[in-house]
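Q: Before anything else, here's the structure in question.
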Amino acid sequence: MPRKTDIASSHPEAVETTLTHTGRTPDDHFGFVNTPVYRGSTVLFKNLAALESEQQPYVYGRAGNPTTRQVEEIVTELEGAHDTQLVPSGLAAITVALLSCLSTGDEVLITDSAYNPTRNFALQFLSRMGITHRFYDPRIGAGIADIIGENTRAIFTESPGSVTFEIQDLPAIAAVARPRGIKVLIDNTWATPLFHSPLKLGADIVIHTATKMFVGHSDAFGGTISANAESWPDVARTRALLGFFTGGDEAFLIARGLRTLAVRMKEHEQRALEMAKWLEGHPAVKRVIHPALPSHPDHAIFKRDFSGSGSLFAAILHPQSHDNLAAFLDNMQLFGMGYSWGGYESLCIPSNPTRIRTAVPWAEDGTLIRLHIGFEGMGDLKRDLEAGLDRYLGK
Ligand SMILES: *Cc1c(COP(=O)(O)O)cnc(C)c1O
């Protein structure tokens, strides 16, 4: 058995072991199990030789500290990446990753199923820098070859999309992109590194919103960018040039969340699946969109590329009046209505993809609701939803 401090370099087989041991060095902290919160800007050098050697692991707080570094070590190990950069939010991970591989005159192809702020970044920021974008059908797969242009430098994927849950054929997209020198980026927030390993499937850069499953308690923000060796220097440089810094307090909460990620994900997976199956039989429900259900249109790709499923899925309800929708959502006892997800508490929120989609217009009748299944009693959650759906049906 390697010493705890050697675990990161010994590549343990089980993710559970990585999650519990990687990034912790109790010997450096008087034996305390967890790496404490480091708060600090100035880091002192013992002497001129130490200053000039540039060998000190930490030289200035903005570049990281032991609390932020442990998060990067854990995620690097989980993703099988060259290295990982912690940034202040999921959206910052997306913007830094995109800026790391795009310059004026370049084009980025973005999945039509992307998280809406990702789209807005292309529309309102990249465009100002002379970086163009096109949105593409999330189910395009190898067909991406037909839309790649002379200036295409990056393909942004999100699989599954976090509102509409299309699974992208990442290996097919990467097989087209790689020989052309085009970078493939993925927002892997839904599956976490436990259930989907995009670098092994050909992606170059993997983004996580740590705010969601890593933190797991709806009480902190963060994002991670993990890259292969080729893409890493640009990611690290871009983060440094932009001056993003994640504080030790946030990093501590992310690390604490990660320690229990495996047990939480197993529990979320089982509960979300149980709820999705239960909803499939409900008269108010037109269809459930959950990649792990055989009814999902991309289920075959899901089974091929993912080893498990997350807490989040959607259901399309048969059309009803807006008043009925309000009666449903305004009177929920346990399900909260709010953005974000990944905490211990269940959430239910309506979303309208019609207003967002452009490459493949969303034409489906009915109301999409997105559910995150937390850790309340399943019977209590079902009763809450059952009563809500009765109100929706005007009963
Ligand atoms: C929430 C979310 C983000 C953004 O994360 P923040 O930490 O809120 O900035 C990005 N991608 C996906 C898929 C998300 O769900």
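Q: Given the DSSP H assignment, sum -39500 (n - 2.57) over each helix run of at least 4 residues in the chain and divide by its residue total; what's the result at 222 nm in deg cm²/dmol, nearest 500?
A: Per the formula, -10000 deg cm²/dmol.
Q: For segment 44-151, which trypsin sites (Lys or Arg not before Pro) are both in a DSSP coil and crowded by at most 14 other Cβ atoms within 10 Å?
A: Lys46
Q: Follow-up question, since we're still on this one. Could you compute the net charge surrounding Gly149? Neighbours are other residues with a C-beta less than 14 Å from the C-beta of Gly149; K and R count +1, D and E count -1.
A: Spelling it out: positives minus negatives among the neighbours equals -1.
Q: Sticking with this one: If you average the alpha carbon positions of segment 33-91 and of segment 322-395, how far apart do those two centres end up, in angstrom?
A: A separation of 40 Å, based on Cα centres.
Q: With all distinct Cα pairs included, what does the Kirkwood hydrodynamic radius of segment 262-392 come out to in Å, to one decimal, could you say?
A: Hydrodynamic radius (Kirkwood, Cα only) of segment 262-392 equals 15.3 Å.
Q: So which trypsin sites (Lys or Arg not before Pro) in segment 280-376 are both in a DSSP loop and have at most 14 other Cβ atoms within 10 Å of their Cβ?
A: Here no trypsin sites (Lys or Arg not before Pro) fit, given the DSSP loop and packing criteria.
Q: Taking other Cβ within 10 Å of each residue's Cβ, how do His268, His282, His133 sort, fewest first?
A: The most exposed by this proxy come first: His282, His133, His268.
Q: Still on this structure, please answer the following. Give the residue list of chymotrypsin sites (Phe, Trp or Tyr not before Pro) in segment 73-127 that are DSSP loop and have at most 13 other beta-carbon atoms within 10 angstrom.
A: The qualifying sites are Phe125.
Q: Let me ask another. Kirkwood Rh over Cα pairs of segment 15-259 into Stokes-Einstein at 4 °C, 1.567 mPa s: D in µm²/s?
A: 70 µm²/s
Q: Where is the GNM fluctuation largest for the chain (alpha-carbon springs, 10 angstrom cutoff): Gly31, Gly149, Gly308?
A: Among Gly31, Gly149, Gly308, the largest mean-square fluctuation in the Gaussian network model of the chain belongs to Gly31.
Q: Restricting things to alpha carbons, tell me how big segment 150-239 is in terms of Rg and Dmax, in Å.
A: 13.5, 44
Q: On to the next question. Counting alpha carbon pairs within less than 8 Å and at least 6 residues apart, what relative contact order, in whole percent, applies to segment 262-392?
A: Dividing the mean separation by the residue count of segment 262-392 yields 28 percent.
Q: Order of Leu279, Leu98, Leu325 from fewest to most other C-beta atoms within 10 Å?
A: Leu325, Leu279, Leu98
Q: Still on this model: Report the relative contact order of the chain, percent, no decimals, based on alpha-carbon pairs under 8 angstrom and at least 6 residues apart.
A: Worked out over the chain, it gives 16 percent.
Q: Could you size up the charge dipole of the chain around its Cα centre, putting +1 on the beta carbon of Lys and Arg and -1 on that of Asp and Glu, and report it in debye to the nearest 20?
A: Dipole magnitude for the chain comes out near 180 debye.
Q: Return the sequence-ordered ³J(HN,Hα) values of segment 213-222 in whole Hz as given by the Karplus equation 6.51 cos²θ - 1.76 cosθ + 1.60 applied to θ = phi - 60°, using x for Gly and Pro.
A: With coefficients 6.51, -1.76 and 1.60, one gets 6, 4, 5, x, 9, 6, 9, 7, 10, x Hz.
Q: Could I ask something else about it? For Thr192, Thr76, what's the fewest-to-most ordering of other Cβ within 10 Å of each Cβ?
A: Thr76, Thr192
None of the figures in this text is laboratory data; all of them are computed from the coordinates on show. Please read all numbers here as calculations on a predicted model, not as lab measurements. For neighbour counting, all protein chains shown are included, and Cβ atoms are generated from backbone atoms with ideal geometry for every residue, glycine included.
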